[in-house]
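Working notes for the structure below.
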Amino acid sequence: MNYNFRKIEDKWQKYWAKNETFKAENQSEKPKFYALSMFPYPSGAGLHVGHPLGYIACDIYARYKRHKGYNVLHPMGYDSFGLPAEQYAIQTGQHPAITTDTNIKRYREQLDQLGFSFDWSREVRTSDPKYYKWTQWVFIQLFHSWYNNRTDKAESIDTLVSVFEKQGNVKVDATCDDDTPMFTAEEWKGYSSTKQQNILLKYRLTYLADAEVNWCPALGTVLANDEIVNGVSERGGHPVIRKKMTQWMMRITAYAQRLLDGLNTIDWPQPLKDSQTNWIGRSEGASATFDVLPNSNVEVLKKTEGEDISRTSMSHKIEVFTTRPDTIFGVSFMTLAPEHELVQKITTPEQRAEVEAYVEATAKRSERDRMADVKTISGVFTGAYAEHPFTKEPIPIWIGDYVLASYGTGAVMAVPCGDQRDYDFAKHFKIDIPNIFEGVDISKEAFADKVNTIVANSDFLNGLNYREATRKVIDELEKMGHGKGKINYRLRDAVFSRQRYWGEPFPVYYNAEGVPQIIDEEHLPLELPEVEKYLPTETGEPPLGNATHWAWNTNTYEVVANSLIDNKTIFPLEMNTMPGWAGSSQYFNRYMDPHNDKTIYSPEAINYWQDVDLYIGGSEHATGHLLYSRFWQKFLFDRGIAPKEEFAKKLINQGMITGTSAFVYKDLTSNKIYSKGLIDNKDVNPIHADVSLINSSDELDIEGFKKWRPDLAEAEFILEEGKYVVGREIEKMSKSKYNVVNPDQICEEYGADSLRLYEMFLGPLEQSKPWNTAGITGVHGFLKKLWKLYLNIGDSEPTPENLKTLHKTIKKVEEDIENFSFNTSVSTFMICVNELTAQKCTCKAILKPLAVLVSSYAPHIAEELWELMGHTESIANANFPEFDATHLVERTKEYPISFNGRMRFKMQLPADMGKADIEAAVMAHEQTTKYLEGRTPKKVIVVPGRIVNIVG
RNA sequence: GCCGAAGUGGCGGAAUUGGUAGACGCGCUGGAUUCAAAAUCCAGUGGUAGCAAUACCGUGUGGGUUCGAUUCCCACCUUCGGUACCA
C-alpha cells in the first residue's frame, strides 16, 4: 500500500470540516490558548508560497497546544477593505464587494487545501457590515472620550463637561489641541451649543483638524507617501502638491508614553520594539521662548494685520524645543522652518523678496527631495533678531529647510559648537561659532558628546556638567517664565480619513452649523451606499459624494436621498471613509465572540480569552497595524471594554519568502537574446522570464517563452552549448516579477503535508529566505518512509534502542516547538524515522506517540496512521507524549576516576565507551582542571571525546 | 548617516550555558536493483597533500580573552531589512 497523499488529505480535510474538530468553545475546564495569524488582504493574485509560512508555524503551535491539553482558539478571517479592489472597480465598474467575495472564495479554497486547524465558524471580514458596525462603534467611543493626564487614562466626555460646568477648563490637564482657549464655568455656560461642541472637539480622542496631505489635482485624490515617486504620482506621473484638508484624526499622541512603557511588558521581537520606540521618538529637554526684538517690521505688521498695534503687544515670541538646554549660551542664531507662521510676520522689508523666494522654492520641493538632499546647505536671513533670554544679546533669525515644521515647534535655537547641522549652517553662512565647552577643540566639527560635557563661557553654568547645567537652566527659565522642562515626542496624531469608497463609512453627519454629530449606536451599522462611479466627484469630493442617497434623517434614523437635505431634520453625511487599519485594530478581540450583534463582544467571552497568547505576522506592520492596535487596545482597556492593556503577549515575525526571478538578456540594438554566459560587455536589457518556463538547471523553454511573450517571438536566441541559460536574482515574490510560486501546484504534486514540512524545513522562521523547490523531494521522501514504518505495525515490546530514539525525539521536538525552531525538528523527525527503520521497529508503543509528535507538522498523514492503529477519534485531541529521561541515560555509567595522586571525582561515561575514549576524556579533563582553579569537581559528564558538563 | 539582523561546504541550513564544526536535506560521485528508466536501497562527499593510515588548513577580515572560540570582547569589511535632516 503506497502513500496516497491526495486521497488521505482530501479525506481528512472533509472529516475536520464535517466534525468541526477545531471549533473552540468559550468555556472549558482546560486552560485557554489563543493562537493568531495576521489575517490576509484577499488580493486577486491568490496565495503564494510566502503567505502560508506564518500560518503553518502558527498552526503547528496551535495543534501542539491542543495536544498539551489547552482549549485553543485559532481563528482566521479577511482584512477585506482595501485599495486594489477599489482600483479594480474604477477600471471595470465591478463593485468592490463582488471582487472581494470572489477573491475570498479563492483564498478559502487554497487555505483549506493546506490543512489548517482554523475554527472557521468564527471567520470575520472587515468589509462585512455586521463586522464594521463594531469598527464604527469603537470610533463612537473614541469620539465620546477625552484623555485625562491627571488619571493618565481616557475618560468619558461627560466627566469633562461636568468639570467645565463647575470650574471651566483652567484646572483641566488634558491632551488636547494646542489652541484650546481658557474659560471659566460661567463663560462655558454662556457659550452657544455650537461653540461648546467645537471646544469639546478639541478634547475628543478622535477629532477634526486641518492636516496636510499629498493632493494630486489630476487624479483628484489624496496619495500616500508610497504612491508618490520622485515628486509625481506613481500612477500617471502627475504632479503632487501639499494641501490642507479637514480630516478626522486619532489622538494617539495621548498614549505616547504608555505605548512606550507597554513595550516592556510584552514578549515581542526586539527589532520590532526598537522600531516602535524610534517611531514614538521620545526626547527629553526643555522648551524655551525667545522674544523677537522690535525693529523696522512694525510697518509690516500694521500692513499684514490691518490693525494699529502698540509696541508692547507687537513683539512676537519664538518657542523652541531643545534636548540640550545646557548649551543655551552657545546660541548664535535661530532657524525657523520655512513654513513657520512667524516667518511672514518678522521678515524685514529688505529681506522680504529673498525670504519669499526661498519659502516658495522649499514648498515646491517634495518631502522626499528635501530629505534625500542632506548635503546641500541652504537658508536665508529674515532680517529680524531675537533676544537671548539670559545675555539679552540680539540673535539673528534665519530660515532653513533643515528645520522641519512638523517636528517640535518648527524652530530651533542653533548651537553651532554642539550640533553638527547648526555647525555646518554657521560655517556656510559665516555665522559666529562661540565655544562653550571646556577643553574641546571645535575648529573642525561640532562637539555633540553630552556625557563628557563641561560647560564654559556660560555665566552661571560654568564648570557644570550636562546634567547639572540642564537642571539649572530649566530652573532659571521657569523662574523667568521663559520656558520649562519638556518631553517631546516624534509621534504625531494619526490621520483617520481617506478619500476612498471601499472603507468603513464614518457614523457622522453634519448639522446646519457644520458641527459633526454622531449617529446613535443603536442605528449602526451605517452601510456603504451604492455609487455610480468610484472616482472622486468633479467638485473634488470623495467617491461617496457620488452617492445619491447619503443624507441622514434624524427623525427616522435612516439614510435618505441627498436631495431631501433640509437643514432641520435631514443632514449630509460624512463622505470620507476610514483607513485600512481601522478594521484590523480590534479584530483579534472580535474573534472571541464574532456573531454577537448586541455588543462588540460579551464580557464573558473577553474575560475568558483575555488576550492573544501568540501572534504571528510580518514585520512590515511594525509602525502601522501593530502600533494602532496597541493604541486602540489601551483605549478599550481605559474604558473598561477590554480586560488587558496589551492585546498580544507574544509576537513572532515570520521572515519573507523571496522569489528567484529569471532573466533573459535582449541586445539593445538588435533582435538577439543572449544566453547568460555570452553577455560579457554587450549592452543588454534584462527582461523577466516567468519562472515556470525555467527548468532546474536554469535552462529556458524557448518555445514556451515565445508563446508567453508573442512580442519577442521573432527574436533570435543565441545559445551556449546548445542551451539558453537564464540569469537569476533574488527578489521579493511578486506578480510583476513573474517569480510567484503558488502552493496549489506543490500540493498537487507532493501534497499539503510535504508543503507544510518543507516550508518549515527551509530555514529559521524569522529569517527571510529564497523559495526553491529543489529540496522538497527530501521531506516528501521522509513522509513516504514514515508511511512504510506503519505498514507492519504490531504489539511487540519496544527495545531500549527504540525507546531511546523516541524519547530523544520527544525532547527535541518539544524544545523546538517551544522555541519556534520548526526547521530543526523536521530534521529530528527524519533522523527518528531513519533510526526506527534501521531498528526494524514495528511496535505500537513507539509508533503511537510518534504519530502524535508528527501530527502538528503533517496532520493529514498523522490522522490516517492514527486511524490505521485503530483509533476512532481524531488525533488532534490526543495527548502529547511524556518525555522520560531515563531512556536516554540508561546506557551511561559512573566511573570513579583518580589521577595526579590526589584528584578524585566521578565521570559519567557511556557504557560502551572504549578504553582509549576514557583516557582521552581524562586528558581533556586534566586540562580543564586549570580552569577550575584547582578545585576538584564532583562529577564530570562525558560523551566520547567530549566533556559535556562539570558538576561541582 | 542612524537603528536592527546576519556573514559557516556546490546549495538551504545544524551546532544546549564556550567543549569532536558542517547534523538533516538538496545536489554530486560510485554501486545494487532494472531490458531500460522512474522509484527504492547501500556507500562516499569542507579544502590541500597522500595508495593509505594520517597530517595540515578551515565558520567574512585583523586582533584579544581562554586549556579550548562559529559562540565572548575590540576594530574593520560585506549583505539584507527598517528609518530618514528629530533640534
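Anisotropy class assigned to chain A is prolate, per the alpha carbon gyration tensor with a/c at or over the 1.5 cut-off and a/b larger than b/c. In terms of the mean number of neighbouring beta-carbon atoms within 10 Å, the peptides A:454-464, A:820-830, A:793-803 order highest first as A:820-830, A:454-464, A:793-803. Assuming charge only on the beta carbon of Lys and Arg (+1) and of Asp and Glu (-1), the dipole of chain A about its Cα centre is about 2580 debye to the nearest 20. Angle of helix A:52-67 to the longest C-alpha principal axis of chain A, folded into 0 to 90 degrees and rounded to 10: 60°. Annotation: lysines with alpha-carbon distance below 27 angstrom to A:LYS735 (same-chain offsets under eight excluded): A:LYS105, A:LYS666, A:LYS672, A:LYS676, A:LYS706, A:LYS707, A:LYS723, A:LYS769.
For chain A, DSSP calls about 80 percent of its internal beta bridges antiparallel. Across the range A:737-857, the relative contact order, built from alpha-carbon pairs under 8 Å that are at least six residues apart, equals 34 percent.
Taking the C-alpha atoms only, the angle from helix A:349-364 to the longest principal axis of chain A is near 30 degrees.
Karplus-derived 3J(HN,Hα) values for the range A:120-126, using 6.51 cos²θ - 1.76 cosθ + 1.60 with θ = phi - 60°, are 5, 5, 9, 3, 10, 10, 5 Hz; glycine and proline are entered as x. Taking amide H as placed 1.01 Å from N in the peptide plane, A:TYR78 has its amide H under 5 Å from the amide H of A:VAL124, A:ARG125, A:THR126, each at least 5 places away in sequence or on another chain.
Taking 32 Å as the limit for the C-alpha separation, the pairs A:LYS7/A:LYS130; A:LYS30/A:LYS812; A:LYS68/A:LYS644; A:LYS171/A:LYS392; A:LYS30/A:LYS732; A:LYS23/A:LYS153 exceed it in the case of A:LYS7/A:LYS130; A:LYS171/A:LYS392; A:LYS30/A:LYS732; A:LYS23/A:LYS153. With each label modelled as a point 7 angstrom along the Cα→C-beta vector, the A:GLN344-A:ILE718 pair spans 6.4 nm. Calculated mean residue ellipticity at 222 nm for chain A: -10500 deg cm²/dmol, from DSSP H runs with n ≥ 4 weighted as -39500 (n - 2.57), summed, divided by the residue count and rounded to 500.
Rounded to the nearest whole Hz, the Karplus-based 3J(HN,Hα) values (6.51 cos²θ - 1.76 cosθ + 1.60, θ = phi - 60°) of the range A:501-513 follow the sequence 8, 7, x, 6, x, 6, x, 9, 10, 10, 6, 4, 8, with x at glycine and proline. Dipole size of the range A:462-610 about its Cα centre, with +1 on Lys/Arg Cβ and -1 on Asp/Glu Cβ: approximately 1120 debye, rounded to the nearest 20. Near A:PHE880, once Lys and Arg are set to +1 and Asp and Glu to -1 for all other residues with Cβ below 11 Å from its Cβ, the sum equals +2.
Residues within the reach of a label modelled at A:VAL232 (point 7 angstrom out along Cα to beta-carbon, backbone nitrogen below 12 Å), restricted to the range A:521-552: there are none. For chain A, the longest principal axis of the alpha carbon atoms and the long axis of helix A:822-838 meet at an angle near 0°.
Against the compact-protein benchmark of 2.2 N^0.38 Å, the Cα-based radius of gyration of the range A:81-238 scales to 1.53. Of interest is the spacing of the C-alpha centroids, which for the range A:481-543 and the range A:44-62 amounts to 34 Å. Classify the range A:752-896 as rounded, prolate or oblate from the Cα gyration tensor: take a ≥ b ≥ c as the square roots of its eigenvalues, call it rounded if a/c is under 1.5, otherwise prolate when a/b beats b/c and oblate if not. Since a/c reaches 1.5 but b/c is at least a/b, the shape of the range A:752-896 is classed as oblate.
Relative to the Cα centre, the charge distribution of the range A:1-115, modelled as +1 at Lys and Arg Cβ and -1 at Asp and Glu Cβ, gives a dipole magnitude of about 560 debye. Projecting the Cα atoms of A:TYR55, A:SER692, A:TRP137 onto the dipole axis of chain A, where Lys and Arg carry +1 and Asp and Glu carry -1 at the beta carbon, places A:TYR55 farthest toward the positive end. Per the Cα gyration tensor, the range A:641-687 maps to an equivalent ellipsoid with semi-axes of 53, 11, 7 Å, ordered largest to smallest.
Averaging the sequence gap over all C-alpha pairs within less than 8 Å and six or more residues apart, then dividing by the number of residues, gives chain A a relative contact order of 13 percent.
Ranking A:THR805, A:GLY220, A:LEU853 by how far each Cα lies toward the positive end of the dipole of chain A (charges on Cβ) leaves A:THR805 at the top. Once the Cβ-Cβ distance of A:THR180 and A:ARG490 is raised to the sixth power relative to R0 = 25 Å, the FRET efficiency obtained is 0.65.
Taking the average, over residues, of other Cβ atoms within 10 Å as the packing measure, peptides A:126-136, A:49-59 rank A:49-59, A:126-136 from highest down. The mean sequence distance of close C-alpha pairs (under 8 Å, at least 6 residues apart), as a share of the length of the range A:49-124, puts its relative contact order at 46 percent.
Answer rounded, prolate or oblate for the range A:66-151, using the Cα gyration tensor with square roots of eigenvalues a ≥ b ≥ c: rounded when a/c is under 1.5, else prolate when a/b is larger than b/c, else oblate. Here the range A:66-151 falls in the oblate category.
Read the figures in this text as sums done on the coordinates, not as results from a lab. Values in this document were obtained by computation on a predicted structure and should not be read as measured data. Virtual Cβ from ideal backbone geometry, glycine too; neighbours counted across all protein chains shown.
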